[in-house]
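Reviewing the structure listed below.
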Amino acid sequence: MRLFDPHIHMTSRTTDDYEAMRDAGVRALVEPAFWLGQPRTNVGSFVDYFDSLLGWERFRAAQFGIAHHCALALNPKEANDPRCAEVLDVLPRYLAKDGVVAVGEVGYDSMTPEEDEVFAAQLAMAVEYELPALVHTPHRDKARGTERSLAVVAESGLDPGRVVIDHLNEVTVPLVRDSGCWLGFSIYPDTKMSPPRMVELLRTYGTERMLVNSAADWGRSDPLLTRATADAMLAAGFTEDDVDRVLWRNPVEFYGQSGRLDLDGEPAQATYEGNSILRGGS
Ligand SMILES: [Zn+2]
């Protein structure tokens, strides 16, 4: 079984997680940029973070035979902080880099005017850089946030086939389905979406344009829930081909639109410029 986690925050996970993911069948992933758990105070904090996603995290993943890609953006929460506004000025040079396969996570947190502006500006960058976009839907007031996100996407001129609306549930699926956007589902250990509920959604709506992720981060989460969903699908009578479609071919098709997916790169890069610093013990 080959698995592709289309949304996971590896910067907050350990090498044990990488090893367990590899053993479970995860061969590729996309790590979207998000907040740090505490407010960043300046643009430099983002620059270092973006560089670590493009360099160090990619190297770490390669050591376990996992192809690492990222999505970069100013996240919805920090779109409200004027100290972070400059991120929009540095973002274009990052969106031109290999390894960046989408703009994301963008979208709404509290649905403020500042978030509106930053969301629209970053969708315009997705159009300009011909990248797909990963749209986070808010955890509070999800239905209204999803409707409003779809309206902003429609206004942006970005092809809906290049947009995934993420963190969906039973209530928001029908809204997104008719839009032509891809449908993203984050499977969590004990809240929101679970493997059995995901299987029901696949039974109801089919496997087309469906993306399943673990969204694992620092919170209570589980990077093996993509595998658990695959197992639940098989137990419910889905075929191995169905599993391969949802958990491999769909994310490959979606992020492949960037033209930058690299799924058969070298296993472990022999060197990494930052590595000697960490190994040197200084
Ligand atoms: Zn996320």
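The values are calculated or read from the model by the stated rules, or taken from the named source; none is laboratory data. What you are looking at is a predicted structure, and each value in this text was computed from that prediction instead of being measured. Cβ placement follows ideal geometry from the backbone for every residue including glycine, while neighbour counts extend to all protein chains displayed. What goes into the accessible areas is simple: the full protein's heavy atoms, side chains included, and nothing from ligands, DNA or RNA. Shrake-Rupley method; radii C 1.70, N 1.55, O 1.52, S 1.80 Å.
Taking the residues in region 161-175 that are closer than 19 Å to Val30 by Cβ and in a helix (DSSP H, G or I) as candidates, determine which candidate is nearest to the ligand (Cβ to nearest atom). Looking at the filtered set, the residue picked out is Arg162. Considering only region 68-88, I want to know if a residue exists there that is of a type outside the set (Ser, Thr, Tyr), in contact (Cβ under 8 Å) with a residue 60 or more places away in the chain and out of contact with any strand residue (DSSP E or B) (no Cβ under 7 Å at 6 or more places or on another chain). The answer is no; no qualifying residue exists.
Within region 129-146, the set of residues being in a helix (DSSP H, G or I) and open to solvent by less than 10 Å² (accessible area, probe 1.4 Å) comprises Gly145, Thr146.
If you check Thr271, Thr207, which single one turns out to be modelled with pLDDT under 95 and either in a loop (DSSP other than H, G, I, E, B) or out of contact with any Pro (no Cβ under 9 Å at 6 or more places or on another chain) (or both)?
On the way: Thr207 fails: modelled with pLDDT under 95.
Residue meeting the stated conditions: Thr271.
Scanning region 122-138 for residues that are more than 13 Å from Gly161 (Cβ to Cβ) and within 16 Å of the ligand (Cβ to nearest atom) yields Gln122, Leu134, Val135, His136, Thr137, Pro138. Residue check: is Leu123 aliphatic (A, V, I, L, M) and open to solvent by 20 Å² or more (accessible area, probe 1.4 Å)? For Leu123, the condition - aliphatic (A, V, I, L, M) and open to solvent by 20 Å² or more (accessible area, probe 1.4 Å) - is not met. If you filter region 46-84 down to residues that are small (Gly, Ala, Ser) and not in a helix (DSSP H, G or I), you find that the one that is nearest to the chain's Cα centre (by Cα) is Ala71.
On the basis of being more than 13 Å from the chain's Cα centre (by Cα) and open to solvent by 40 Å² or more (accessible area, probe 1.4 Å), does Asp17 make the cut?
Working: more than 13 Å from the chain's Cα centre (by Cα): yes; open to solvent by 40 Å² or more (accessible area, probe 1.4 Å): no.
Considered against the rule, which asks whether it is more than 13 Å from the chain's Cα centre (by Cα) and open to solvent by 40 Å² or more (accessible area, probe 1.4 Å), Asp17 comes out as no.
With respect to the stated conditions, Val153 fails to be part of a strand (DSSP E or B) and touching a strand residue (DSSP E or B) at 6+ places or on another chain (Cβ under 9 Å). Does at least one position in region 207-218 carry a residue that is under 19 Å from the mean Cα position of the chain (by Cα), of a type outside the set (A, V, I, L, M, F, W, C) and surrounded by fewer than 14 Cβ atoms within 10 Å (Cβ to Cβ)? Yes, region 207-218 contains at least one residue that is under 19 Å from the mean Cα position of the chain (by Cα), of a type outside the set (A, V, I, L, M, F, W, C) and surrounded by fewer than 14 Cβ atoms within 10 Å (Cβ to Cβ). Across region 78-96, a minimum of one residue is classified as within 16 Å of the ligand (Cβ to nearest atom) and either charged (D, E, K, R) or at pLDDT 95 or above (or both).
Looking at region 17-45, which of the residues that are assigned to a helix (DSSP H, G or I) and either farther than 12 Å from Leu224 by Cα or small (Gly, Ala, Ser) (or both) is nearest to the ligand (Cβ to nearest atom)? Among them, the one singled out is Ser45. Only residues that are of a type in the set (S, T, N, Q), crowded, with 18+ Cβ neighbours inside 10 Å and under 20 Å from Leu202 (Cα atoms): list them for region 147-174, please. Listed by number, the list holds a single entry, Thr172. Here Arg40 meets the list (1) under 24 Å from Arg140 (Cβ atoms); (2) surrounded by 22 or more Cβ atoms within 10 Å (Cβ to Cβ) almost entirely, failing just condition (2).
When region 178-193 is examined, which residues are found to be modelled with pLDDT of 95 or more and either assigned to a helix (DSSP H, G or I) or over 17 Å from Asp159 (Cα atoms) (or both)? Break it down into steps so the answer makes sense when it comes.
Of the residues in region 178-193, the ones modelled with pLDDT of 95 or more are 179-187.
Listed by number, the residues that qualify are Phe185, Ser186, Ile187.
Filtered by the rule that a residue be touching an Asp or Glu at 6+ places or on another chain (Cβ under 8 Å) and open to solvent by 40 Å² or more (accessible area, probe 1.4 Å), region 175-197 gives Leu175, Pro189, Arg197.
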